[in-house]
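Notes for the one structure printed next.
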Amino acid sequence: MMGRQPQYQNKLFIQGFNLEKRIREDHLLRKIAHRIDFDFIYKEVKDTYGDNGNVSVPPPVILKMMLLLVLYNVRSERELIDTIPERLDWLWFLGYDLDTEIPNHSVLSKARTRWGVHAFKRFFEHIVSQCVKTGLIDGSKLFIDSSLIDADASNNSVVDTHSLKKYLTKGYRQLEKRLDNAAAEKTTPANSRYISSTDPDASVTRYSSGKSKLRYKTHRAVDPAHEVVTATAITPGSTDDGTMLKAMIDTHEKNTRQDVTTVVADSKYGTIDNYLICHDQGIKAHIPSFEQTHRGSGRQKGIFPKEAFTYHPDTDTFTCPAGEILQRRKLYKYRNHFEYRASAQTCAHCELRDQCTRSKYGRTLKRHVRQNELNRALQEAQSRNAARDIRDRKHISECSFARSTRYGYKRSRWRRLWRVEIQDFLISTIQNIMVLVKGSHDKLSKSSAQRGQSRWAQGAKCIRISLTLLSMWFARCLTVPFSRNKPALQR
């Protein structure tokens, strides 16, 4: 008999409804709630609340809302608050019931301003520490990379502070007020000339052959064991990647409480300072040299490389391909290197001048004060293990950023650097939570499989022993003579 849909009628009372039973056992939010203790946030933000006044929304609920905002990549906080009553799983995750009053969306923005970056940074470090306790972080090897984030501001908001047009623009006076506020907050604009009136912390940055945009840059350290993000930082888009290497190593060691033995990065981090930093800390730098990678381009195209010159440590001189001597001339203290040069007259009459230099003063070479230590670091960077790690970097560091795209990291949700830091900490934390949830399940499955394999191995061992004993018994029976069949005289 065919059934028909009855006409819906509002019920005054609903009996026998249990929200706990409506959420399936393998739901992602149930796994997160089982693994993560959000009550730690009480201790982190207790100093930001007073003793009198209205009772606020519980901090764990606010933190869970922020987690849902990024986890499901909800477009805005208004949409998040409007969607919560429609999602039974979100209500259960927040500890709400069907008739619970949902707070206003302004609660989230006020909490961000009240808590600051520190609370979300502690949330990130809390999850990293839990990954360490679970055994998901090795800590000895570190992969470092960076990626650009589009700022929530238009290029039309960029103002040239060196132009006279600023005196004719009404909006520039508002920009000056914002810059004064930025100075009061002890933050400086990313670019002293081209500044966005909407987001002064973002910098005009160009990537590859694309157009210049207002961007931030996220720097990330990833542990290769289970691709856990152990350190992250946000800077303006114009920040040089090489300047962040030491900070990322220090943050990783602080969060994981383990020493780094090998660091892997691309050629943007392959600077002299970074090689010497790794050497001083006893770290193997598996980083391609920026100078060697970008050699042969621009004015250096078709020019003899530095390796074509032979260094003589006993006389502290270089010999050029033409056999001439380059002697040490002076020391540049601010760069910590010596300069070697042949006489200008010698280079002017050399037959190989066109292949050696394009300078009218002749060819010069630079040798660092700590060149011997630098050579050892460069030799390690060109080893076979370094080549393997550099290949692995593509599917570890870059895949970590690729997974972040589902959480909307390509464009900042909010303006100003400290708000983008909050977004970055939330995205990195969610990625680590995914690893934590999946890693625990994999370990449980692996242990169950190992127990099953061990039982099967024990059973197989018993069978092999039984077959061995049986074969030995048959062999003995065949070799022993049957005395009953012999004649009586031979007995």
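Before we move on, is PHE93 in contact with a Phe, Trp or Tyr (Cβ under 9 Å, 6 or more places away or on another chain), under 26 Å from HIS27 (Cβ atoms) and crowded, with 16+ Cβ neighbours inside 10 Å? In short, no.
If you go through the range 143-161 and keep only what is within 14 Å of LEU214 (Cα to Cα) and hydroxyl-bearing (Ser, Thr, Tyr), you end up with SER147, SER154, SER157. Exactly one residue out of LYS360, LYS366 is outside any helix (DSSP H, G or I), touching a His at 6+ places or on another chain (Cβ under 8 Å) and more than 23 Å from LEU80 (Cβ to Cβ): that is LYS366. The set of residues in the range 246-270 being closer than 29 Å to PRO200 by Cα, buried (at least 23 other Cβ atoms within 10 Å of the Cβ) and either more than 13 Å from the chain's Cα centre (by Cα) or among the basic types (Lys, Arg) (or both) consists of TYR269 alone.
Criterion applied to LYS186, LYS165 was being in a loop (DSSP other than H, G, I, E, B) and at pLDDT below 85, and the one residue passing it is LYS186.
How many of the residues in the range 108-120 are surrounded by fewer than 17 Cβ atoms within 10 Å (Cβ to Cβ) and touching a residue at least 12 places away in the same chain (Cβ under 8 Å)?
Start the filter on the range 108-120 by keeping residues that are surrounded by fewer than 17 Cβ atoms within 10 Å (Cβ to Cβ), which leaves 109-110, 113-114, 116, 118.
Applying the additional criterion that residues be touching a residue at least 12 places away in the same chain (Cβ under 8 Å) yields 109, 114, 116, 118.
Looking only at that region, the number is 4.
The residues in the range 198-245 that are in a loop (DSSP other than H, G, I, E, B), of a type in the set (A, V, I, L, M, F, W, C) and surrounded by fewer than 23 Cβ atoms within 10 Å (Cβ to Cβ) can be counted, and the count is 1. Looking only at residues in the range 72-131 that are of a type in the set (S, T, N, Q) and more than 28 Å from the chain's Cα centre (by Cα), which one is nearest to VAL420 (Cα to Cα)? This residue is SER106. SER56 meets the conditions (1) closer than 16 Å to LEU29 by Cα; (2) surrounded by 14 or more Cβ atoms within 10 Å (Cβ to Cβ) in every case but one. The failed one is (1).
Looking only at residues in the range 29-43 that are in contact (Cβ under 8 Å) with a residue 12 or more places away in the chain and surrounded by fewer than 14 Cβ atoms within 10 Å (Cβ to Cβ), the one that is nearest to VAL435 (Cα to Cα) is ASP39.
The values are calculated or read from the model by the stated rules, or taken from the named source; none is laboratory data. Source: prediction; values computed, not measured. Cβ atoms come from the backbone with ideal geometry, glycine included; neighbour counts cover every protein chain shown.
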